[in-house]
Amino acid sequence: MFLFLITEILLWRDFTWSFLFNFIIVFFPFWYLIIMYLIRKDRTFNLHPLNYWFAFIIILDLGIILNIFSLKYFSDPAVTPLFIVVTITLMMNFYIGFLSSLVFSFYFSFLFGFPLKTFITLFVIGIISAYLSKNLYSRVRMVIPFLGATISQIIIYLIYNNFDFEAIPQVFISNLIQMLFLLGVLPYLEYITRVYSDIGLLELGNLNHPLLRKLSLNASGTYYHSLIIANLVESASEAINANPILLRVGAYFHDIGKSLRPLFFTENQKGFNPHDRINPKLSALILNLHVIKGKELARKYKLPILIEDLIVQHHGTRIKRYFFHKSIELKENLSPDLFKYPGPIPQFKEAAILMIADNIEAMTRSMQKINKKNIEEKIDNLIQDLYFEGQLDDCGLTLKEINKIKNAMVNTILNMNHSRISYPEIPKELLKEVSKNEN
């Protein structure tokens, strides 16, 4: 209804009353019975429906208002789904971009009295824009969907209008304005909604980010651990067509909570372990804090909502076995629940990959001899433990994907720990002689 009022105020044409009738009788049922049902089938969208719905609606509203101005100051051919479809595809995925194209096409076909050719034209342009927007990792490459949408729109317009070239400049200018508007507004949409495109994630993954600088200064061992994890998860995600950029950047930030109390974590200790002087229950609570504080830092710095998920889910609800066994040795008779991480368990594939990589990196660091057989045994045992603990129940990984993840991680670990040849020592006398000859 808000969009109808904007349309009526900006256009003030007789046909907008017929649009109101179509909007109420047809568009509302179409929206609630079809679009909302189809959107709910998207797994990522359902992780944070509030954030994603807000992002979806605000982009849809901005795009429609932008096109109403194009309609008012240019003409009907200047209407294009470029801004809406490309922005939603970048920030979410191709499936949601496809649905946004469907909504946009219905909206403006109703506005024009529901001519079929308007719907077909806008829908085809939207699908082309969404397809060309997949896997875009730089702002420079956004020219690809712009050119694709513009060329296809011009061709369709010429076919429908007997090769009348009059409106071609309007089509080009309208698409150019929308693309420039997209480039300018995308970072702000990401920051407000916390739904980030791969382009935004890559910019966020700059190691000069304040949180990562703080981590490198306060907890250098954790920082190095995070860099290793980033390599592991990236190769594993590529093996199953998950999002490698989300996982790499998420790996950088997954342990930012450790920067507040770094000495309570093994990788930052230098001969002194403060846990030796405190109760195991308190130790377990302190370890929980790195997840809780990490979540707070993610919200404070407006990190992507999915990276916040990676922070809280990469330990799931696993028991801190070392401190639980220590409690048993002290005969404290405490519930195992007191030694669990706060969770929740991984809710999507990327979170499960990060959980596996985090545990494997810690295991391989303590291994004296690293070879393929030993690593495969470690990963098999870990995955078996995670499975029986129920940590992988909600992530959506299949057994085939888990096997691919294992193979990718094994290869990455072996590549990172390859052996070097031992260089023979050169006698000092010979080195001095060579140095004299050079002089």
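The values are calculated or read from the model by the stated rules, or taken from the named source; none is laboratory data. Model, not experiment: these values are computed from the prediction. Neighbour counts are summed over all protein chains in view; Cβ atoms, including those assigned to glycine, are modelled from backbone coordinates with ideal geometry. Only protein heavy atoms, including side chains, enter the accessible area calculation; ligands, DNA and RNA are left aside. Shrake-Rupley method; radii C 1.70, N 1.55, O 1.52, S 1.80 Å.
For the pair LEU176/ASN411, report the inter-label distance in nm, with labels modelled 7 Å from Cα in the Cβ direction.
Those two pseudo-labels are separated by 4.6 nm.
Taking R0 as 35 Å, what's the FRET efficiency between LYS117 and ARG139 from their Cβ-Cβ distance, rounded to 0.05?
The formula returns an efficiency of 0.55 here.
When the chain is treated as a GNM, springs tying every alpha-carbon pair under 10 Å, which of ASN243, ASN268, ASN161 comes out with the largest mean-square fluctuation?
Maximum fluctuation in the GNM of the chain, among the listed residues, is at ASN161.
In sequence order, what are the phi-derived ³J(HN,Hα) couplings for the stretch 154-159 according to the Karplus relation 6.51 cos²θ - 1.76 cosθ + 1.60 with θ = phi - 60°, rounded to whole Hz, with x for glycine and proline?
5, 4, 5, 4, 5, 5
How far, in nm, would the chain grow between ILE34 and GLU238 when pulled straight, counting 0.36 nm per residue and subtracting the alpha carbon separation?
So the chain would gain 70.2 nm between ILE34 and GLU238.
Assign unit charges at the C-beta atoms only (+1 for Lys and Arg, -1 for Asp and Glu), then state the dipole size of the chain relative to its Cα centre in Debye, rounded to the nearest 20.
Here the size comes out at about 1160 debye.
Note the per residue figure in Å³ for the convex hull of the C-alpha positions in the chain.
Considering the Cα atoms of the chain, their hull volume per residue is 220 Å³.
Most mobile of LYS349, LYS72, LYS369 per a Gaussian network model of the chain (Cα springs, under 10 Å)?
Top of the fluctuation ranking is LYS369.
In Å², and per residue, what accessible area does the stretch 168-285 have when probed at 1.4 Å with the other protein chains present?
I get 44 Å² per residue for this part.
With the dipole of the chain worked out from charges on the C-beta (+1 for Lys and Arg, -1 for Asp and Glu) around the Cα centre, which of MET355, ASN51, TYR157 lies farthest toward the positive end?
Sorting the options by dipole projection puts first MET355.
List the aspartates and glutamates whose Cα sits under 14 Å from the Cα of LYS295, skipping any in the same chain fewer than 8 residues away.
Result set, ordered by chain and number: ASP255, GLU308, ASP309.
Label points 7 Å out from Cα along the Cβ direction at LYS270 and ILE192: separation in nm?
4.7 nm
With a cut-off of 16 Å, note down the residues of the stretch 120-157 whose backbone N falls inside the zone around a label point 7 Å from the Cα of ASP164 toward its beta carbon.
In the stretch 120-157, the label zone of ASP164 (backbone N under 16 Å from the point 7 Å along Cα→Cβ) covers 154-157.
Picking from GLY184, LEU263, ALA219, whose Cα lies most toward the positive end of the charge dipole for the stretch 147-300 (charges on Cβ: Lys, Arg +1; Asp, Glu -1)?
LEU263
What relative contact order, as a whole-number percentage, does the chain give when Cα pairs under 8 Å and 6 or more residues apart are counted?
Here the relative contact order equals 12 percent.
Which one of VAL312, THR193, ASN374 is farthest out on the positive end of the charge dipole of the chain, using unit charges on Cβ (Lys, Arg +1; Asp, Glu -1) and the Cα centre as origin?
It is ASN374, whose Cα lies furthest towards the positive end.
Once the other residues with Cβ under 14 Å from the Cβ of PRO336 are scored (Lys, Arg +1; Asp, Glu -1), what is the net sum?
My count for the surroundings of PRO336 gives +3.
Do any of LYS340/LYS406; LYS258/LYS320; LYS281/LYS326; LYS258/LYS373; LYS214/LYS302 go past 21 Å between their Cα atoms, and which?
Table pairs above 21 Å Cα-Cα are LYS340/LYS406; LYS258/LYS373.
With +1 assigned to the C-beta of every Lys and Arg and -1 to the C-beta of every Asp and Glu, and no other charges, what is the dipole magnitude of the stretch 74-192 about the Cα centre in debye, to the nearest 20?
300 debye
Mark the label point 7 Å from the Cα of TYR224 along Cα→Cβ and return the residues of the stretch 396-419 whose backbone N is within less than 20 Å of it.
Output list for this probe position: 412-419.
By accessible area of protein heavy atoms, probe 1.4 Å, what ranking do SER237, SER75 get, highest first?
Sorted descending by solvent-accessible area, the residues read SER75, SER237.
Quantify, in whole percent, the carbon and sulfur part of the accessible surface of the stretch 191-242 (1.4 Å probe; protein heavy atoms only).
It is 50 percent, rounded to a whole number.
Given a Förster distance of 30 angstrom, what is the FRET efficiency for LEU50 paired with LEU217, based on the Cβ-Cβ distance and rounded to 0.05?
0.30
When the Karplus curve 6.51 cos²θ - 1.76 cosθ + 1.60 is applied with θ = phi - 60°, which whole-Hz ³J(HN,Hα) does each residue of the stretch 213-222 get, with x for Gly and Pro?
So the Karplus estimates, Gly and Pro as x, are 5, 5, 5, 5, 7, 8, 9, 5, x, 5 Hz.
Rounded to the nearest 500, what is the 222 nm mean residue ellipticity of the chain from helices alone, with -39500 (n - 2.57) per DSSP H run of 4+ residues and division by all residues?
So the helix-based figure for the chain works out to -21500 deg cm²/dmol.
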